[in-house]
1. For region 1-14, name all the residues that are outside any loop (DSSP other than H, G, I, E, B) and more than 20 Å from T58 (Cα to Cα).
2. If you take the residues of region 8-24 that are modelled with pLDDT of 95 or more and surrounded by fewer than 14 Cβ atoms within 10 Å (Cβ to Cβ), which of them is nearest to R116 (Cα to Cα)?
3. Go through (1) farther than 22 Å from E35 by Cβ; (2) modelled with pLDDT under 90 one by one and return the number of the condition G92 breaks.
4. Looking for whichever is assigned to a strand (DSSP E or B), modelled with pLDDT under 95, surrounded by 15 or more Cβ atoms within 10 Å (Cβ to Cβ) and not polar (S, T, N, Q) here; the options are A102, A27, A40. Which one fits?
5. Please specify each residue of region 32-52 satisfying the condition of being polar (S, T, N, Q) and more than 15 Å from the chain's Cα centre (by Cα).
6. Considering (1) farther than 17 Å from L101 by Cβ; (2) at pLDDT 90 or above; (3) among the small types (G, A, S), say which one G82 fails and leave the rest.
7. Conditions: (1) surrounded by fewer than 18 Cβ atoms within 10 Å (Cβ to Cβ); (2) touching a strand residue (DSSP E or B) at 6+ places or on another chain (Cβ under 7 Å); (3) among the small types (G, A, S). S48 meets all but one. Number of the miss?
8. Say we look at region 71-99 and pick out the residues that are within 22 Å of S22 (Cβ to Cβ) and of a type in the set (A, V, I, L, M, F, W, C); which of these is surrounded by the most Cβ atoms within 10 Å (Cβ to Cβ)?
Amino acid sequence: MAVVLQTLVDSDFEHVVKITTSGTTSAGSIADASELAGAATDPRMSISGIEWSVAATTQIIWDATSNVVCFTCNGSGSYGFGDGAPSLANNGGSGVTGDVLATHGTSVGTIIVRFRKVSGFDNIT
């Protein structure tokens with residue numbers, strides 16, 4: 001069981017992370033919004049792009065009292081990254097933390113997620 005994270009970018013307006021998965025993970029953290037550059041009060045992000053190649057279904061989840069599935073990856077593909085697709089807003093509802101999780105069955109794969117810093121950061125430019 002493992003989710004290995006590599007931060008590729010943590011700038012004023014975006015955070016990009018490479019996620020390598022192996023084994024089985026239940027709600028492993030892929031972004032702790034309060035730990036990112038410029039995080040102030042109640043930080044929130046949207047997802048503006050995802051690229052993936054995974055062996056089993058992997059869900060990207062908004063952390064909240066009752067977690068909300070944001071996106072489901074299976075096989076290989078991409079979303080966003082300049083194709084005109086809208087950002088995926090955090091609609092976590094009650095108890096939303098701003099953090100993002102991933103969960104998957106027995107899987108080996110790689111996912112790259114580009115987050116847009118939306119609010120709660122004091123360095124958004």
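The values are calculated or read from the model by the stated rules, or taken from the named source; none is laboratory data. Treat the numbers as computed from the prediction; the structure is a model and nothing was measured. Note that each Cβ is placed from the backbone with ideal geometry, even for glycine, and that neighbours are counted across all protein chains shown.
1. Within region 1-14, L8, V9, D10, E14 qualify.
2. V9
3. Failed condition: (1).
4. Values: A27 fails: surrounded by 15 or more Cβ atoms within 10 Å (Cβ to Cβ); A40 fails: surrounded by 15 or more Cβ atoms within 10 Å (Cβ to Cβ).
Matching residue, one of A102, A27, A40: A102.
5. Listed by number, the list holds a single entry, T41.
6. Result: G82 fails condition (2) only.
7. (1)
8. C73
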